[in-house]
Amino acid sequence: MNQTKKLLIIGFVWPEPNSSAAGGRMMQLISIFKENSFEITFASPALDSDFMVDLSEFGVDKTSIELNNSSFDDFIIKLNPDVVLFDRFMIEEQFGWRVSENCPKAIRLLDTEDLHCLRTARQKAFKENRTFELNDLLSEEVAKREIASILRCDLSFMISEFEMKILKDVFKIDFSLLHYLPFLVHGMQELDLQKLPSFQERKNFVFIGNFLHEPNWNTVQYLKEAIWPIIKEQFPEAVLEVYGAYPSQKVLQLHHSKNGFLIMGRAEDANEIVKKARIVLAPIRFGAGLKGKLLEAMQCGTPSITTTIGSEAMHANLPWNGFITDDLELFAKKAVELYHDENLWKQSQKNGIEIVNECYQLSKYSTALMTQINLLLNDSESHRLHNFMGNLLQHHTLKSTKYMAKWIEVKNKN
């Protein structure tokens, strides 16, 4: 790019790359924009957290903003960004109309993280003990909000090709509004495996995941109640270490050292923990998007056993770096088998490298992303002209949300 462009990211929370895959993804996006000479400001209405990254170390300006407050209007007029990136649809709902009104020429991007309505509908079906159907999405209120947000934006980043297909087939979203952007990492070679702990140097099973995320809590319950007893029966010396940020008391109560089920709490360095483990267990029963913990396992040379939902859209039909099964007994059996079979374990490692290189190459996707953004910067008018439904929603949202926000602001002052 010849001249410096300004990017404003409006975050749902401040990035915590060591706490969640979402935090890691946000830092990936920041890195790509920085490499392409963008001046970046990160703004959020969230309170500071103990584990948030120091954005200044990455050359990013940090600004706290308020919900339902016209001070944001003054802030964005002064900043006058070329591009605004909303972190999740809830943030676009709150601030999108203000961006549209005060900086109408700014390109509006949405990072969906994952399709929230898919996660919500699957969780609901799971709790009702029935099979999830795609039609369940049509009755979800969160779907109406999320799809409206996608339509109002110029481009939405989708982490999963399966979710892109849902948007096209179920919600009839035009692909010109969507951009496939998975997790982005550097390529690997078999030589990289030699720098990692060997089969003999590793021990124990591990699970890792932020406990504020309901699918993770459910996974740990499932491991404890259903899978771990079967594994222990076949392999009495087995130990499972469960790591995760923000464990509640109900999580901590699952700790049972005599049974080898250890709740370890927050991981200071998730990579180091996964590298030392022999197997990652992730029997995820509902959720959406891509699973950062499973990509991390591949990068750490650690085979994993997961479910169909866990592996969804993650491996482009390449052989998994371990096993995929929804069968409880088979899950436990394969966990024990993979733990003890060094040849099988090493082949699983190699499968992981192939998946990383085929599906998550940073260089491949970052170039395509910036090409797309430059096209929008050069001709946003034509792009928006063809998004009639988005224009319609923008028009009505601007009217309704604007006056609701102003009413709340007046109410807060009284």
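The values are calculated or read from the model by the stated rules, or taken from the named source; none is laboratory data. What you see is a predicted model, and the numbers here were worked out from it, not measured in a lab. We place every Cβ from the backbone using ideal geometry, glycine too, and count neighbours over all the protein chains shown. Each accessible area value is taken on the protein alone, full model and side chains, heavy atoms only, with ligands, DNA and RNA left out. Shrake-Rupley method; radii C 1.70, N 1.55, O 1.52, S 1.80 Å.
Odds and ends about this structure:
- One residue stands out in segment 282-334 among those that are among the polar types (S, T, N, Q) and not in a loop (DSSP other than H, G, I, E, B): the one that is farthest from Lys224 (Cα to Cα), namely Gln299.
- Screening Ser100, Ser31, Ser71, Ser44 for residues that are within 20 Å of Asp154 (Cα to Cα) and open to solvent by less than 60 Å² (accessible area, probe 1.4 Å) leaves exactly one candidate, Ser100.
- Applying the criterion of being acidic (Asp, Glu) and touching a Phe, Trp or Tyr at 6+ places or on another chain (Cβ under 7 Å) to the residues of segment 138-185, the residue that is nearest to Ala313 (Cα to Cα) is Glu161.
- Within segment 141-172, considering residues that are outside any helix (DSSP H, G or I) and either open to solvent by 10 Å² or more (accessible area, probe 1.4 Å) or touching a His at 6+ places or on another chain (Cβ under 8 Å) (or both), the one farthest from Ile309 (Cα to Cα): Asp154
- Subset tally (residues that are part of a helix (DSSP H, G or I) and either under 12 Å from Pro283 (Cβ atoms) or free of Cβ contacts under 8 Å to residues at least 24 places away in the same chain (or both)) for segment 341-356: 3
- Positions within segment 132-167 being β-branched (Val, Ile, Thr), under 12 Å from Leu110 (Cβ atoms) and in contact with a Cys (Cβ under 8 Å, 6 or more places away or on another chain), in sequence order: Ile147
- The set of residues from segment 229-251 being in contact with a Gly (Cβ under 8 Å, 6 or more places away or on another chain) and hydrophobic (A, V, I, L, M, F, W, C) comprises Ala238, Val239, Leu240, Val251.
- The number of residues in segment 232-252 being out of contact with any Leu (no Cβ under 8 Å at 6 or more places or on another chain) and either open to solvent by less than 70 Å² (accessible area, probe 1.4 Å) or modelled with pLDDT of 95 or more (or both) comes to 12.
- Subset of segment 272-331 [polar (S, T, N, Q), at pLDDT 95 or above and either open to solvent by 20 Å² or more (accessible area, probe 1.4 Å) or under 21 Å from Gly244 (Cβ atoms) (or both)]: Gln299, Thr302, Ser304, Thr306, Thr307, Thr308, Ser311
- Criterion applied to Ser380, Ser366 was being within 30 Å of Glu190 (Cα to Cα) and of a type in the set (Gly, Ala, Ser), and the one residue passing it is Ser366.
- Looking across segment 372-388, just one residue is acidic (Asp, Glu) and not in a helix (DSSP H, G or I), and that is Asp379.
- Among the residues making up segment 360-383, those that are closer than 14 Å to Ile107 by Cβ and open to solvent by 40 Å² or more (accessible area, probe 1.4 Å) are Thr371, Gln372, Asn374, Leu375, Leu377, Asn378, Asp379, Glu381, Ser382.
- His386 vs. criteria surrounded by fewer than 16 Cβ atoms within 10 Å (Cβ to Cβ) and either in contact with a helix residue (DSSP H, G or I) (Cβ under 9 Å, 6 or more places away or on another chain) or free of Cβ contacts under 8 Å to residues at least 40 places away in the same chain (or both): yes
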